[in-house]
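The next block holds one structure in the form of structure tokens; read it before the comments.
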């Protein structure tokens, strides 16, 4: 069977994680690394035994002829790098979120379709071991008919949490809720509904955001409703990052690294009917947990290999990622204009920037990229 050739564009933390997964998988071979900083590409190249190291992405692609180029860079660079790499007619994997607004998302998808290649977006949680387990239980009818979903972030500032962690959670929920049709959201800053003056640049280059606290109601196909919380905590709490599925016959609970089933949908907490059963996690049969590759990143690679073999889209496809951006932009738009937002939107411009322009305010001033420095200034 074919071994897919991989080039990595960006050798920092996420690039290292991607390289470890591709290096570990038996059907992918890393043929090139690219980074502007020589020390970073040398450190990663030595770890994964890749000698083809470049400072220029076009040269890397021309000389190594990859099947897939991974783009695990900062979000503000995604659009330009995706469009540049797609010129070479190669499949791409890009870190989440795919880009910062729908205008960019539409252009990337259109470019990939014109070139006849795939876009996959690194929402590894959707294909990781715990999600594989939840999906199997769901498909086996463990909770009956899905009625409601709940997802929460880690406690980042709401708008930043939405673009950062919320994109993962919305993708997880989308796996079960199918298409989202309508969004209604409440965003507050300083305990008051947001105003155009609360629109600011996001830390980590994730576009334009607003809202310290976000509560969104999402209406999916099949009369399924979801709630997404992105509330800022005084202290970060990764345990809050979780998803629960409520069905007619039971409930399923997801966390990164764990999956649980409750066989009764409604209960009085009496110690008898509220006992969650831990489910055994599902890993690829050739995954070696003793190595440096994370299981979720490895599952993402496994899914890409299978998708290309079968001529289908990756489960975390660019089309799915664009729909997630529609949901996030819908959340911002709903809070700004005080109305429900039907998806997909006809106006693809960023709703917060549009709202601010209508208030005759200038483009928001630059803010620090680092989160804690940004939060102090905000």
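For residue 121, the criteria (1) in contact with a strand residue (DSSP E or B) (Cβ under 6 Å, 6 or more places away or on another chain); (2) buried (at least 22 other Cβ atoms within 10 Å of the Cβ); (3) not in a strand (DSSP E or B) hold in every case but one, which is (3).
Find the residue count for region 283-320, including only residues that are within 21 Å of the chain's Cα centre (by Cα) and surrounded by 13 or more Cβ atoms within 10 Å (Cβ to Cβ). Going through region 283-320 one residue at a time, the tally reaches 25. For residue 126, the conditions (1) over 30 Å from residue 260 (Cβ atoms); (2) crowded, with 21+ Cβ neighbours inside 10 Å are fulfilled apart from (1). Would you confirm whether or not region 75-89 contains a residue that is in contact with a strand residue (DSSP E or B) (Cβ under 7 Å, 6 or more places away or on another chain) and part of a loop (DSSP other than H, G, I, E, B)? Looking through region 75-89, none of the residues is in contact with a strand residue (DSSP E or B) (Cβ under 7 Å, 6 or more places away or on another chain) and part of a loop (DSSP other than H, G, I, E, B).
Within region 257-281, the set of residues being surrounded by 18 or more Cβ atoms within 10 Å (Cβ to Cβ) and not in a strand (DSSP E or B) comprises 279 only. Of all residues in region 22-74, those satisfying the criterion of being within 15 Å of residue 92 (Cα to Cα), in contact (Cβ under 8 Å) with a residue 60 or more places away in the chain and surrounded by 14 or more Cβ atoms within 10 Å (Cβ to Cβ) are 22, 28, 66, 67, 68, 69, 70, 71, 72, 73.
Is it the case that residue 375 is in the same structural domain as residue 225 (by TED's automatic domain parsing), in a helix (DSSP H, G or I) and either under 25 Å from residue 326 (Cα atoms) or out of contact with any strand residue (DSSP E or B) (no Cβ under 8 Å at 6 or more places or on another chain) (or both)?
no
Kindly indicate whether residue 242 is touching a strand residue (DSSP E or B) at 6+ places or on another chain (Cβ under 8 Å), surrounded by fewer than 18 Cβ atoms within 10 Å (Cβ to Cβ) and assigned by TED's automatic domain parsing to the domain that holds residue 155.
Taking the combined requirement at face value, the residue does not satisfy it.
Of the residues making up region 171-196, those that are crowded, with 18+ Cβ neighbours inside 10 Å and over 20 Å from residue 339 (Cα atoms) are 171, 172, 173, 174, 175, 176, 177. So how many residues does region 209-253 have that are in contact with a helix residue (DSSP H, G or I) (Cβ under 8 Å, 6 or more places away or on another chain) and within 28 Å of residue 376 (Cβ to Cβ)? Within region 209-253, residues that are in contact with a helix residue (DSSP H, G or I) (Cβ under 8 Å, 6 or more places away or on another chain) and within 28 Å of residue 376 (Cβ to Cβ) number 13. Within region 334-356, the set of residues being part of a helix (DSSP H, G or I) and either out of contact with any helix residue (DSSP H, G or I) (no Cβ under 9 Å at 6 or more places or on another chain) or touching a residue at least 60 places away in the same chain (Cβ under 8 Å) (or both) comprises 334, 335, 336, 352, 353, 355, 356.
Considering (1) over 28 Å from residue 291 (Cβ atoms); (2) touching a strand residue (DSSP E or B) at 6+ places or on another chain (Cβ under 9 Å), the lone condition that residue 96 does not fulfil carries the number (1). The condition of being in contact (Cβ under 8 Å) with a residue 24 or more places away in the chain and farther than 17 Å from residue 128 by Cβ holds for only one of 247, 257, that being 247. Among the conditions (1) outside any loop (DSSP other than H, G, I, E, B); (2) farther than 22 Å from residue 179 by Cα; (3) assigned by TED's automatic domain parsing to the domain that holds residue 193, residue 328 misses just one, which is (2). Looking at this structure, is residue 9 buried (at least 17 other Cβ atoms within 10 Å of the Cβ) and closer than 24 Å to residue 309 by Cβ? Answer is yes for this residue. Only one entry of 182, 164, 171 meets the criterion of being assigned by TED's automatic domain parsing to the domain that holds residue 240 and in a strand (DSSP E or B), and that entry is 182. When you scan region 142-161, do you find a residue that is in contact with a strand residue (DSSP E or B) (Cβ under 9 Å, 6 or more places away or on another chain), within 30 Å of residue 289 (Cβ to Cβ), part of a helix (DSSP H, G or I) and touching a residue at least 40 places away in the same chain (Cβ under 8 Å), even just one? For region 142-161, residues in contact with a strand residue (DSSP E or B) (Cβ under 9 Å, 6 or more places away or on another chain), within 30 Å of residue 289 (Cβ to Cβ), part of a helix (DSSP H, G or I) and touching a residue at least 40 places away in the same chain (Cβ under 8 Å): present.
The values are calculated or read from the model by the stated rules, or taken from the named source; none is laboratory data. Everything numeric in this text was worked out from a predicted model, so none of it was measured. Cβ atoms come from the backbone with ideal geometry, glycine included; neighbour counts cover every protein chain shown.
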